[in-house]
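These notes are about the structure you will find just below.
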Amino acid sequence: MVTTLERVFREEWGRVLSTLIGLLGDFDLAEEAAQEAFNIAAERWPGDGVPTNPRAWLTRTARNRAIDRIRRDRTLATKLDRIATDHRVQAPMATTAFPDERLDAVLTVVYLIFNEGYGGRDELAAEALWLGRALTELLPNDPETRGLSAMILLHDSRRDARFRDGELILLAEQDRTRWNAQQIAEGRAELDRARALGGRGPYVLQAAIASLHAETPTDWVQIAALYGELAHLTGSPVVELNRAIAIAETDGPEAGLRIVDRLGLDDFRYLHSTRADLLRRLGRTEEAREAYRDALDLTENGAERRFIERRLTELTAAPGDSTVG
């Protein structure tokens, strides 16, 4: 087992670390989380066996431990206290940005907490919502802080419509009467303030995209353009994956698939589920089944697993129908 772990360490350390840096946006935090994940593997794998996909296991474990450690050790609260003090002492009349790299780290943590909550942990989503509002009170003239708060408000407004009887409901199929109109209005007001402050950073762009998703009909051309701007700004393949989804709506699934197939996010479940959906729409049923199976292998969330399993069942029941779902 030691030999196996050493081999996995040599082969996967760099990839796991680079993935975590992209997810966490913080090199030091990513490195600490990756090391902790390998330590956990050394403890568990001798008894449990090596997982089918060691890299995906290590990445998930590291991400979850990073979030849990941040919350457990109250690192976020400490950073918020420091920012509040610095803001009062150093920049009481700040106009467009807070000149401390610690703010980026705090915004990243709040973003990660919300992402974890968005998968069904309502207490984390509520915590991120509160933190976003608290940050805007501390830093009312920082556009990215307002952008993050706007993004959380807009996404969280759909919470009651995202699940029905424990089953995941896609955005296009949600009952919009169950969306929280007050939160949408609040989120758009925050977005307007961020834009008035000259904001065009990653969180402001994501909030703008979330706002467009709340409109009918959906302006996919504008969403694709905003994702293009966001991808240029961040260099993130995950953002490019989202741009591919928007491109598929404007130029067809083949155009979206061409982008997806060059991303190289082999351990990212949403790449495989996106690819599966595009293949399904193109009538390439067997390839779609294989992609859904790849997504299933990387998915632990129960509601998401059941959704993918339903898609597989639909493809099996109607193998020649490219309009299933």
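Bear in mind these aren't lab numbers, they're just calculated from the coordinates by the rules spelled out. Since the model is a prediction, treat every value here as computed from it, not as a measurement. Here Cβ is always computed from backbone atoms with ideal geometry, including for glycine, and neighbour counts include all displayed protein chains.
A simple rule links phi to the HN-Hα coupling: the Karplus curve 6.51 cos²θ - 1.76 cosθ + 1.60 with θ = phi - 60°, which for the stretch 225-241 gives 5, 5, 5, x, 5, 5, 5, 5, 6, 9, x, 7, x, 5, 5, 5, 4 Hz, with x for Gly and Pro. Estimated from the Cβ-Cβ distance and a Förster radius of 30 angstrom, the FRET efficiency linking residue 255 and residue 314 is about 0.80.
Working note: Karplus 6.51/-1.76/1.60 with θ = phi - 60° gives the stretch 259-264 the couplings 6, 4, 6, 10, 7, x Hz, where Gly and Pro are set to x. Determine the dipole magnitude for the chain: charges of +1 sit on the beta-carbon of Lys and Arg, -1 on that of Asp and Glu, nothing else is charged, the reference point is the Cα centre, and the result goes in debye to the nearest 20. Charge dipole, the chain, about its Cα centre: 220 debye, nearest 20. Amide H contacts of residue 168 (H built 1.01 Å from N, in plane; Pro and chain starts excluded): 307 sit under 5 Å, all sequence-distant by 5 or more or on other chains.
For the pair residue 134 and residue 266, what calculated FRET efficiency results from E = 1/(1 + (r/R0)^6), where r is the Cβ-Cβ distance and R0 = 25 Å, to the nearest 0.05? Computed FRET efficiency for residue 266 and residue 134 comes out at 0.10.
Modelled this way, with points 7 Å down the Cα-to-C-beta line, the labels at residue 160 and residue 290 are 4.4 nm from one another. When the chain is treated as a GNM with alpha-carbon contacts under 10 Å, the residue of 284, 63, 44 showing the greatest mean-square fluctuation is 44.
In this structure, residue 18 and residue 297 have a Cβ-Cβ separation that, at R0 = 30 Å, corresponds to a calculated FRET efficiency of about 0.90.
Sorted into 10 angstrom bins from 0, the C-alpha pair distances of the stretch 170-229 split as 21, 50, 27, 2 percent.
Take the Cα of residue 68, step 7 Å toward its Cβ, do the same at residue 39, and the gap between the two points is 1.3 nm. In this label model, residue 174 and residue 225 are separated by 2.4 nm, measuring between points 7 Å along each Cα→Cβ vector.
Diffusion coefficient of the chain by Stokes-Einstein, Kirkwood radius over Cα pairs, 25 °C, 0.890 mPa s: 116 µm²/s. What base-10 log of the normalised intensity I(q)/I(0) is obtained for the stretch 93-213 from the Debye formula, alpha carbons as equal point scatterers, at q = 0.09, 0.21 Å⁻¹? Calculated log10 I(q)/I(0) at the listed q: -0.24, -1.14.
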